[in-house]
1. Evaluate the range A:107-123: report whether one residue or more is assigned to a helix (DSSP H, G or I), within 13 Å of chain B (Cβ to nearest Cβ) and surrounded by 14 or more Cβ atoms within 10 Å (Cβ to Cβ).
2. What residue, among those in the range A:32-47 that are within 17 Å of residue A:149 (Cβ to Cβ) and either near ligand 1 (Cβ under 7 Å from one of its atoms) or within 14 Å of chain B (Cβ to nearest Cβ) (or both), is farthest from the chain's Cα centre (by Cα)?
3. Would you mind telling me which numbered condition in (1) touching a strand residue (DSSP E or B) at 6+ places or on another chain (Cβ under 9 Å); (2) within 15 Å of ligand 1 (Cβ to nearest atom); (3) farther than 24 Å from residue A:188 by Cα residue A:11 fails?
4. Identify all residues within the range A:17-47 that are within 10 Å of ligand 2 (Cβ to nearest atom), in a loop (DSSP other than H, G, I, E, B) and over 16 Å from residue A:199 (Cβ atoms); write none if there are none.
5. Cβ-Cβ under 6 Å, sequence separation 6+ or interchain: first residue in the range A:21-33 and without any contact (Cβ under 8 Å) to a residue 40 or more places away in the chain, partner surrounded by 14 or more Cβ atoms within 10 Å (Cβ to Cβ). Which pairs?
6. Looking at A:50, A:93, which one is away from ligand 1 (no atom under 15 Å from the Cβ) and either outside any strand (DSSP E or B) or within 16 Å of the chain's Cα centre (by Cα) (or both)?
7. crowded, with 17+ Cβ neighbours inside 10 Å and under 19 Å from the mean Cα position of the chain (by Cα): which single residue out of B:187, B:166, B:144 fits that description?
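The values are calculated or read from the model by the stated rules, or taken from the named source; none is laboratory data. Treat the numbers as computed from the prediction; the structure is a model and nothing was measured. Note: ideal-geometry Cβ built from the backbone for every residue, glycine included; neighbour counts use all protein chains shown.
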Ligand SMILES: Nc1ncnc2c1ncn2[C@@H]1O[C@H](COP(=O)(O)OP(=O)(O)OP(=O)(O)O)[C@@H](O)[C@H]1O
Ligand SMILES: [Mg+2]
């Protein structure tokens, strides 16, 4: 279980987060939604242990997080891939850092590339890929190290509506298949409702928790067509609009 | 596509060269003074003195290459490690205080310290290059987005990994550009460094033939020096294209 307790973060005079508390169960998916600049990326960095909060703390399986969390993989908004590495090398990077043997690495990476439909592009550099392919590479790289926790910062925001739905389905199936704990930052209400078993709504900066909404029906591709789904979207939209002028 | 671009560049270099030659020819006809021989005369003397000149060109080339290597091997780590605030606090003031000083005036000092041998010459060129490369490398290293660092740290990277997989490759394009620019400086300083206490190098040939009013050799040596700078520049450009294929 991931437990964020009373976390605040200031960058100098800028208060980015204030007294944020939330819990994500093991194997659960959680969507974090909030206006631009409210501290979503900051929160994700704090959960992954890469950034120290100004106050408060994060616990994972009851252990306090003091440095980079080992079994977590992070996919960052816009900086997810290294443009100077080929698709193959990007995906292999985590394994290489861990000192995995080359033939084990090769097998693993090629398996992932195959699975994600990237096999033909293994020698390409990211700039030659479409947005959707880049995101798949970023996800493949995160998965290569078999993380128990997957943290994603607006992974689909650069995609057009159609590829976005495809990638949402992809993430949904991935989550069901691998049983990873997934935390996903998004701007989109529909995406939050489609992917988040728990939806955390943050206020404008400084980000505070405005509401935590449970979304138990999540988990099927045709959830998008169901009445409950529309209800949830409406509910979230109302929460966001309350007090916002 | 890539090939097309390269071909186009080749043609445009050639076009520019032809225009320059035509201008040169026109000017030499117009002025009609032995101080400006026409291009074909220079070319002829370049060919005639090729054997003699190539010896000097090799010496000059070695001096520049040693200087580039020396400067790079000091400036690269100093610049890259300036990403660490502790290192930067130490190195940065030093660089920024000493950078604006015209280092060329250090030649007498170097000759007093290191003697009149080639080391003084190489050291002088290297000093000047050091600052150009170090300043650019430092800025490039410090501009690498913090988010790339987060990204690699989340994969469990050590400090060394961060440099190896992120900071150095990210800064590389700017560093090579700095190297490329510094080639021009290096050749200019080379000329100065070869202007006395030596009887080798293209700089020496230029000055010597100048004093003897042997303009053909002088121009041949000038052309050879330009060629030397140009070839180094091209080599670095090829290296850049290879190393920074991802750009
Ligand atoms: N390193 C930093 N130094 C100073 N201020 C920062 C830094 N990083 C973020 N901020 C500020 O903190 C606030 C929260 O930033 P953060 O990136 O977490 O927001 P976000 O919700 O992810 O925004 P977006 O939706 O645009 O991605 C913003 O106002 C931002 O300007
Ligand atoms: Mg963000």
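1. Within the range A:107-123, the subset assigned to a helix (DSSP H, G or I) is A:107-115, A:119-121.
Okay, now just the ones that are also within 13 Å of chain B (Cβ to nearest Cβ), so none.
So far as the range A:107-123 goes, no, none of its residues is assigned to a helix (DSSP H, G or I), within 13 Å of chain B (Cβ to nearest Cβ) and surrounded by 14 or more Cβ atoms within 10 Å (Cβ to Cβ).
2. Going through the range A:32-47, the residues within 17 Å of residue A:149 (Cβ to Cβ) turn out to be A:32, A:40-41, A:43-47.
Filter again for either near ligand 1 (Cβ under 7 Å from one of its atoms) or within 14 Å of chain B (Cβ to nearest Cβ) (or both), leaving A:40-41, A:43-47.
Working: A:40: 11, A:41: 10, A:43: 11, A:44: 8, A:45: 11, A:46: 13, A:47: 11 Å.
Per the criteria, the residue is A:46.
3. (1)
4. Residues satisfying the conditions are A:36, A:37, A:39.
5. Final answer for the pair search is A:23/A:3.
6. Values: A:50 fails: away from ligand 1 (no atom under 15 Å from the Cβ).
Unique residue meeting the criteria: A:93.
7. Working: B:166 fails: under 19 Å from the mean Cα position of the chain (by Cα); B:144 fails: under 19 Å from the mean Cα position of the chain (by Cα).
Going through B:187, B:166, B:144 in turn, just one is crowded, with 17+ Cβ neighbours inside 10 Å and under 19 Å from the mean Cα position of the chain (by Cα): B:187.
Residues checked against (1) in the same structural domain as residue B:112 (by TED's automatic domain parsing); (2) closer than 23 Å to residue B:87 by Cβ; (3) outside any loop (DSSP other than H, G, I, E, B):
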{"residue": "B:155", "(1), (2), (3)": "yes, no, no"}
{"residue": "B:179", "(1), (2), (3)": "yes, yes, yes"}
{"residue": "B:187", "(1), (2), (3)": "yes, no, yes"}
{"residue": "B:199", "(1), (2), (3)": "yes, no, no"}
{"residue": "B:206", "(1), (2), (3)": "yes, no, yes"}
{"residue": "B:218", "(1), (2), (3)": "yes, no, yes"}
{"residue": "B:223", "(1), (2), (3)": "yes, no, yes"}
{"residue": "B:228", "(1), (2), (3)": "yes, no, yes"}
